1. Can V269 be described as open to solvent by 40 Å² or more (accessible area, probe 1.4 Å) and modelled with pLDDT of 95 or more?
2. Which is at pLDDT below 95 and in contact with a Gly (Cβ under 8 Å, 6 or more places away or on another chain), of E185, E228?
3. Name the pairs whose Cβ atoms lie under 7 Å apart, with the first residue in segment 163-189 and open to solvent by 70 Å² or more (accessible area, probe 1.4 Å), the second not in a strand (DSSP E or B), and 6 or more positions between them or separate chains?
4. Go through segment 199-225 and give me each residue that's at pLDDT below 95 and surrounded by 17 or more Cβ atoms within 10 Å (Cβ to Cβ).
5. If you check R7, R83, R19, which single one turns out to be touching a residue at least 24 places away in the same chain (Cβ under 8 Å), out of contact with any helix residue (DSSP H, G or I) (no Cβ under 9 Å at 6 or more places or on another chain) and open to solvent by 40 Å² or more (accessible area, probe 1.4 Å)?
6. So which residues in segment 226-246 are farther than 23 Å from M109 by Cβ and of a type in the set (A, V, I, L, M, F, W, C)?
7. Criterion first (open to solvent by 20 Å² or more (accessible area, probe 1.4 Å) and under 30 Å from D36 (Cβ atoms)) does Y254 satisfy it?
Amino acid sequence: MAIKPLRKAVFPVGGLGTRFLPATKAVPKEMLPVVDRPLIQYAVDEAIEAGIEQMIFVTGRGKSAIEDHFDIAYELEATMSARGKSLKLLEQTRLAPGAVAYVRQQEPMGLGHAVWCARDIIGDEPFAVLLADDFMVGEPGCLKQMVAAYEKTGGNIICAQEVPDDMTHMYGVITPGTRDGALTEVKGLVEKPAAGTSPSNLAVIGRYILQPEVMRILETQGKGAGGEIQLTDAMARMIGDQPFHGLTFQGKRYDCGDKAGYMTANLAVALTRPEIAETVRIFAVDLLK
Ligand code: UTP
């Protein structure tokens, strides 16, 4: 069967971000900056690099800053132009006309429910899901690496990463089948396994390439771990019907939904920016002496 090209990406941004309160009380977690760009901007750039043409944001209450971020800010641009300031930095936020769609998740019922809210825009096409708070640094980017694998295997591909034993209960975890380089066959999936019951250390990270059938499955998906409708549970029901692989991504992942992960991401990225790297490095070395 021909492999359908991947053109659409879903960005679920309807979560409450409770681990980052009070910062996320009025500001969406996805708008927290790593150095000078919000997390959602990095995720959108990663999708564009991977060839995605349509960005679908699943938003919720209090998330309008994300919509504003990807709009043209006429007053700001006019004032800056009148003052002779360059608009170069703002240009990074421009998306092609018609390349953006917003769907509202009226109630944060879980990641699976958020993805399902985008079903009518996805239609009968494969699609990517990117969780912006999983901040991925790689060359090429994580989704581009996954697309390269998808073009060979088709079906469903999830990003996989080895995590320590005492952290598996925080993730969706893969029951691995045969391994072929960075690709692992997915034989089973379990969301947030209780301590001591995890099928492996291979955790699911916030990047997915999924076939549209998952939308039909989500339709009847009941609540799972944490009382939420889990994407992992719906994906598990597709195993066996379609190719399903985990791809171990070449690069670094920072969990920016977590305070320590967010701080390390800022430090790591700051050290790659020529205009601030030296100042930050000197300060960090001095602080750690
Ligand atoms: P998280 O598990 O990180 O939950 O969601 P959260 O609510 O965002 O944050 P905490 O745990 O309370 O601090 C994983 C991803 O799924 C999205 C989130 O926005 C995040 O990208 N999500 C989660 C939704 O879009 N809707 C939901 O109902 C739940």
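1. It is false that V269 is open to solvent by 40 Å² or more (accessible area, probe 1.4 Å) and modelled with pLDDT of 95 or more.
2. The conditions single out E228.
3. D165/N201; H169/K192; H169/P193; H169/A194; H169/A195; M170/K192
4. Listed by number, the residues that qualify are Q221, G224.
5. Among R7, R83, R19, only R7 is touching a residue at least 24 places away in the same chain (Cβ under 8 Å), out of contact with any helix residue (DSSP H, G or I) (no Cβ under 9 Å at 6 or more places or on another chain) and open to solvent by 40 Å² or more (accessible area, probe 1.4 Å).
6. Answer for segment 226-246, where residues must be farther than 23 Å from M109 by Cβ and of a type in the set (A, V, I, L, M, F, W, C): I239, F244.
7. When the stated conditions are applied, Y254 passes them.
This table checks each residue for (1) closer than 28 Å to M263 by Cα; (2) out of contact with any Lys or Arg (no Cβ under 7 Å at 6 or more places or on another chain).
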| residue | (1), (2) |
| --- | --- |
| M31 | yes, yes |
| V35 | yes, no |
| E49 | yes, no |
| E53 | no, no |
| A65 | yes, yes |
| A73 | no, yes |
| T93 | yes, yes |
| V103 | no, yes |
| G110 | yes, yes |
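The values are calculated or read from the model by the stated rules, or taken from the named source; none is laboratory data. Source: prediction; values computed, not measured. Heads up, the Cβs are rebuilt from the backbone with ideal geometry, glycines too, and the neighbour counts pull from every protein chain shown. Accessible surface areas use protein heavy atoms only, side chains included; no ligands, DNA or RNA. Shrake-Rupley method; radii C 1.70, N 1.55, O 1.52, S 1.80 Å.
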